[in-house]
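S.K.: This is the structure I want to talk about, given as structure tokens.
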Amino acid sequence: VTSAGPAAYGVADFFRASAHQRTAIEEQLRRIDAERATHEKNREAVLAQATAARRDLAQSLLPGLVPRLVARARDLTGFAPWRTEDPVAAMDAERAAVERRLAAIAADPLFMNGELLFHPRTGTHTRELAELEGHLATQQRALSELMCHPRFTHLVDAGYGTERYAVPFWRLTYYDDWKAHDEIVEQFPGVTFPELARRYEEASAAEQTLRDEVARVNAIIARGQALFTEHAALTRRLGALSGEHLTAAQVRLLEHVLTSHGATMRAALGRDPAILGLYLRASALEAKVRYLDHVFVQDVGSQREVLQRQLQKILKDQAKYRRAKHAAARFPREAFERRFGDRSAAYERRWDRYRKRYLILWRWSAWDDVPDDDFVWWDVMTGARPDGDAIPEVAEFRRRHGRPSWIDGHRGARTRASEDDDDLAVAAAIAAEASGGSAGRDVAFDAS
Amino acid sequence: MREATGRAILRAIFEEEGLSIVEDVPVAFGEHEVVLDGWDAARRVGFEVLTSEAGDREAFPPPVVAAVEDAMRRGEAWVLLVDLDPTEELLRSAARGFVGQLRARGLLA
């Protein structure tokens, strides 16, 4: 489509132009997806550096959990909770509690004589349980034999053959019971039903006694096993206790150091230049991850949705104009050219801007070259690029402090600012395009 | 088992045993009057199949069954109450057993 085109375009023009634009958008989407993969990889790398930096800082701030080192870390960082809390005492208290419980378990006869009582083959309770289970199985077999007729227990419960039996002879049930009785005693020649009922009741009582015994021995074995399990867990806890208390204390300390006001913390840690260096590195790397995410989302990630919307509209319109009734549709020249104008230059400008911003952050590693004044890492890393205002922490800092006065004298910032001259022009062009141009947004478009 | 089948079996066996059975006979038991499935008025011996199919559960609610059983305990009448769904074999054996019980107890010649 050129500026010297006809007054209106036809459906064939539409298909040619929309196919061209579709190809361009799909290419952009592929680039975005590829860039997302690259960013994720970069992000992982910086995150790994940040984690290592945090670990180094934590180890330097608090190399061990002893009173002298806790006091040093507290005084250096101003960590107020440790003025009243004592992490060493908390660790010692837990250790003492674990040791007391371990001693109590060790003195428990079930634990003390564990091998004798619970050995899988020779343990007293193990053998007792096996014996009881054998007797129980015998009783259950005897009961099963007696209960071979489905109405046996009913007759026993009804007191059949005894004075308790109360079914009168005029009820059919009387004869049903009689029939069942005959069938049962036929299976036990020479034995009366009351005798069978007596055997059944004795076997039931014996079975219940054995069940109770099995439950009792099982409970003892379970208690013994619980003691062994608890003892093993407490022994592991005792071994890991010092390390875990130290890690927990370091995490709390790091949280305090890395979320406190930067200038205040830098001033405090300035008393130990080695620790200050580690702090700057950890703080900067965490900021670097945030900024890389921001730049990716703002310049690339957000464009995916816009392009997808444009692509969907193209597909929908192509379906529409394939129908015969739209074969003669005409498209006003101005709207047509606005929609299908070549956007490749705008796309490239956006990619250029992204690459520059991203690379400035990605390459930056001079965490030991920071101004004495208060600062936000964006300004240090980018030479105070104005477009950092879109990041809440940068905007908030600038609202309070204005443009940093140190920027003109800062070596790294000066260098980056000079690199950015043409970049700022690109940013301005993109801003102008976003407010009035056609690229990057949907265009109202209808055939006449 | 269908109620009609049960009634036919019972009537046949009762008559084999020398009873003169008439079907659907109204009989008074205390203040309750019930229609029995089979009844020998002279010997005051009969039978009743208590099935839901014929609506007997409604006609023989527990108070009525109790009245009939009270009459039997007083020796005023003898009615075989078929209170469950039997096989034909059980029903035949019960009918013969019932008449046998009456004879054994001297309640029927």
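S.K.: Please work out which one of (1) in a helix (DSSP H, G or I); (2) at pLDDT below 95; (3) away from chain B (no Cβ under 14 Å) is the condition A:Ala106 fails and give its number.
M.R.: (2)
S.K.: Let me ask you something else. Can you name the residue in region B:85-95 that is out of contact with any strand residue (DSSP E or B) (no Cβ under 9 Å at 6 or more places or on another chain) and within 9 Å of chain A (Cβ to nearest Cβ) and, of all such residues, is farthest from A:Pro168 (Cα to Cα)? Show your work before the answer.
M.R.: Just the residues of region B:85-95 that are out of contact with any strand residue (DSSP E or B) (no Cβ under 9 Å at 6 or more places or on another chain), to begin with: B:85-90, B:92-93.
Next, only the ones that are within 9 Å of chain A (Cβ to nearest Cβ) stay: B:86, B:89-90, B:93.
Working: B:Pro86: 17, B:Glu89: 20, B:Leu90: 17, B:Ser93: 16 Å.
So the residue we want is B:Glu89.
S.K.: While we're looking at this one, here's another question. Could you look through region B:69-84, keep only residues that are within 12 Å of B:Phe47 (Cβ to Cβ) and within 9 Å of chain A (Cβ to nearest Cβ), and pick out the one that is surrounded by the fewest Cβ atoms within 10 Å (Cβ to Cβ)? Don't jump to the end; show me each part of the working.
M.R.: Going through region B:69-84, the residues within 12 Å of B:Phe47 (Cβ to Cβ) turn out to be B:77-83.
In the following step, the residues that additionally are within 9 Å of chain A (Cβ to nearest Cβ) were identified as B:78-83.
Details: B:Trp78: 22, B:Val79: 25, B:Leu80: 29, B:Leu81: 21, B:Val82: 27, B:Asp83: 19.
So, considering only residues that are within 12 Å of B:Phe47 (Cβ to Cβ) and within 9 Å of chain A (Cβ to nearest Cβ), the one surrounded by the fewest Cβ atoms within 10 Å (Cβ to Cβ) is B:Asp83.
S.K.: Against the definition (assigned to a helix (DSSP H, G or I), within 60 Å of the chain's Cα centre (by Cα) and surrounded by 19 or more Cβ atoms within 10 Å (Cβ to Cβ)), how does A:Ala203 come out, yes or no?
M.R.: Details: assigned to a helix (DSSP H, G or I): yes; within 60 Å of the chain's Cα centre (by Cα): yes; surrounded by 19 or more Cβ atoms within 10 Å (Cβ to Cβ): yes.
The answer is yes for A:Ala203.
S.K.: Also, quick follow-up: So which of A:Ala34, A:Ala8, A:Ala4 is at pLDDT 95 or above and small (Gly, Ala, Ser)?
M.R.: On the way: A:Ala8 fails: at pLDDT 95 or above; A:Ala4 fails: at pLDDT 95 or above.
The unique qualifying residue is A:Ala34.
S.K.: Could you name every one of the helices (runs of 4 or more DSSP H) located completely within region A:265-343 that has at least 3 residues being basic (Lys, Arg) and either free of Cβ contacts under 8 Å to residues at least 40 places away in the same chain or loosely packed, with under 14 Cβ neighbours inside 10 Å (or both)? Break it down stepwise before answering.
M.R.: Numbers: elements: A:273-296, A:302-321, A:333-340.
In region A:265-343, A:302-321 are the helices (runs of 4 or more DSSP H) which contain 3 or more residues that are basic (Lys, Arg) and either free of Cβ contacts under 8 Å to residues at least 40 places away in the same chain or loosely packed, with under 14 Cβ neighbours inside 10 Å (or both).
S.K.: Can you list the helices (runs of 4 or more DSSP H) found entirely within region B:12-109 that contain at least 1 residues being in contact (Cβ under 8 Å) with a residue 60 or more places away in the chain and under 13 Å from the mean Cα position of the chain (by Cα)? Working first, answer last.
M.R.: Details: elements: B:56-59, B:62-73, B:88-104.
In region B:12-109, the matching helices (runs of 4 or more DSSP H) lie at B:88-104.
S.K.: Do the conditions hold for B:Arg7, that is, is it on the phi < 0 side of the Ramachandran plot, within 14 Å of chain A (Cβ to nearest Cβ) and more than 12 Å from the chain's Cα centre (by Cα)?
M.R.: On the way: on the phi < 0 side of the Ramachandran plot: yes; within 14 Å of chain A (Cβ to nearest Cβ): yes; more than 12 Å from the chain's Cα centre (by Cα): no.
Spelling it out, it is not the case that B:Arg7 is on the phi < 0 side of the Ramachandran plot, within 14 Å of chain A (Cβ to nearest Cβ) and more than 12 Å from the chain's Cα centre (by Cα).
S.K.: Oh, and also: Which of the residues spanning region A:336-367 are farther than 30 Å from A:Ser283 by Cβ and of a type in the set (Phe, Trp, Tyr)?
M.R.: Scanning region A:336-367 gives A:Phe336, A:Phe340, A:Tyr347, A:Trp351.
S.K.: Right, here's the next one. Using the structure shown, decide if A:Leu29 is of a type outside the set (Gly, Ala, Ser), within 34 Å of the chain's Cα centre (by Cα) and closer than 27 Å to A:Gly270 by Cβ. Please lay out each step first, then the result.
M.R.: Numbers: of a type outside the set (Gly, Ala, Ser): yes; within 34 Å of the chain's Cα centre (by Cα): yes; closer than 27 Å to A:Gly270 by Cβ: no.
So A:Leu29 fails the test.
S.K.: Taking A:Lys356, is it modelled with pLDDT of 90 or more, out of contact with any Gly (no Cβ under 7 Å at 6 or more places or on another chain) and either part of a loop (DSSP other than H, G, I, E, B) or surrounded by fewer than 16 Cβ atoms within 10 Å (Cβ to Cβ) (or both)? Working first, answer last.
M.R.: Details: modelled with pLDDT of 90 or more: yes; out of contact with any Gly (no Cβ under 7 Å at 6 or more places or on another chain): yes; either part of a loop (DSSP other than H, G, I, E, B) or surrounded by fewer than 16 Cβ atoms within 10 Å (Cβ to Cβ) (or both): no.
Spelling it out, it is not the case that A:Lys356 is modelled with pLDDT of 90 or more, out of contact with any Gly (no Cβ under 7 Å at 6 or more places or on another chain) and either part of a loop (DSSP other than H, G, I, E, B) or surrounded by fewer than 16 Cβ atoms within 10 Å (Cβ to Cβ) (or both).
S.K.: Name every residue in region A:34-65 that is touching a residue at least 12 places away in the same chain (Cβ under 8 Å), closer than 23 Å to A:Gly301 by Cβ and not aliphatic (A, V, I, L, M), in order of residue number. Lay out the reasoning, then the answer.
M.R.: Taking region A:34-65 first, the residues touching a residue at least 12 places away in the same chain (Cβ under 8 Å) are A:35-36, A:39, A:42-43, A:46-47, A:49-50, A:53-54, A:56-62, A:64-65.
Narrowing the set further to residues that are closer than 23 Å to A:Gly301 by Cβ leaves A:35-36, A:39, A:42-43, A:46-47, A:49-50.
Scanning region A:34-65 gives A:Glu35, A:Arg36, A:His39, A:Asn42, A:Arg43, A:Gln49.
S.K.: With respect to A:Glu186, is the statement that it is in contact with a helix residue (DSSP H, G or I) (Cβ under 7 Å, 6 or more places away or on another chain), acidic (Asp, Glu) and in a helix (DSSP H, G or I) true? Explain how you work it out, then say what you get.
M.R.: Details: in contact with a helix residue (DSSP H, G or I) (Cβ under 7 Å, 6 or more places away or on another chain): no; acidic (Asp, Glu): yes; in a helix (DSSP H, G or I): yes.
In short, no.
S.K.: Do we have any residue at all in region A:157-168 that's closer than 28 Å to B:Glu69 by Cβ, in a loop (DSSP other than H, G, I, E, B) and of a type in the set (A, V, I, L, M, F, W, C)?
M.R.: Let us first name the residues in region A:157-168 that are closer than 28 Å to B:Glu69 by Cβ, namely A:157-168.
With the extra rule that they be in a loop (DSSP other than H, G, I, E, B), the set shrinks to A:159-168.
Filter again for of a type in the set (A, V, I, L, M, F, W, C), leaving A:166-167.
Within region A:157-168 (the criterion being closer than 28 Å to B:Glu69 by Cβ, in a loop (DSSP other than H, G, I, E, B) and of a type in the set (A, V, I, L, M, F, W, C)), the answer is yes, since at least one residue qualifies.
S.K.: Let me ask you something else. Just need a number here: residues in region A:174-200 that are touching a residue at least 24 places away in the same chain (Cβ under 8 Å), farther than 17 Å from A:Gly159 by Cβ and more than 14 Å from chain B (Cβ to nearest Cβ).
M.R.: So the answer is 1.
S.K.: Got at least one residue in region A:161-171 being within 14 Å of chain B (Cβ to nearest Cβ), in contact with a helix residue (DSSP H, G or I) (Cβ under 7 Å, 6 or more places away or on another chain) and loosely packed, with under 15 Cβ neighbours inside 10 Å? Please lay out each step first, then the result.
M.R.: Start the filter on region A:161-171 by keeping residues that are within 14 Å of chain B (Cβ to nearest Cβ), which leaves A:166-171.
Remaining after also requiring in contact with a helix residue (DSSP H, G or I) (Cβ under 7 Å, 6 or more places away or on another chain): A:167-170.
Add one more test, that the residue is loosely packed, with under 15 Cβ neighbours inside 10 Å, and what stays is A:168.
Yes, region A:161-171 contains a residue that is within 14 Å of chain B (Cβ to nearest Cβ), in contact with a helix residue (DSSP H, G or I) (Cβ under 7 Å, 6 or more places away or on another chain) and loosely packed, with under 15 Cβ neighbours inside 10 Å.
S.K.: Going through B:Ala59, B:Ala67 one at a time, which residue ends up being closer than 24 Å to A:Ala166 by Cβ, touching a strand residue (DSSP E or B) at 6+ places or on another chain (Cβ under 7 Å) and modelled with pLDDT under 95?
M.R.: Working: B:Ala59 fails: closer than 24 Å to A:Ala166 by Cβ.
Every option except B:Ala67 fails the conditions.
S.K.: From the list A:Ala73, A:Ala89, which residue is more than 30 Å from A:Arg198 (Cα to Cα), loosely packed, with under 13 Cβ neighbours inside 10 Å and small (Gly, Ala, Ser)? Walk me through it before giving the result.
M.R.: On the way: A:Ala73 fails: loosely packed, with under 13 Cβ neighbours inside 10 Å.
One residue alone meets the criteria, A:Ala89.
S.K.: State the number of residues belonging to region A:215-234 that are surrounded by 13 or more Cβ atoms within 10 Å (Cβ to Cβ), over 19 Å from A:Arg121 (Cα atoms) and polar (S, T, N, Q).
M.R.: 0
The values are calculated or read from the model by the stated rules, or taken from the named source; none is laboratory data. Worth saying up front: this structure is predicted, and the values here are computed from it rather than measured. Here the Cβ is made from the backbone with ideal geometry for all residues, glycine too, and neighbour counts use every protein chain on show.
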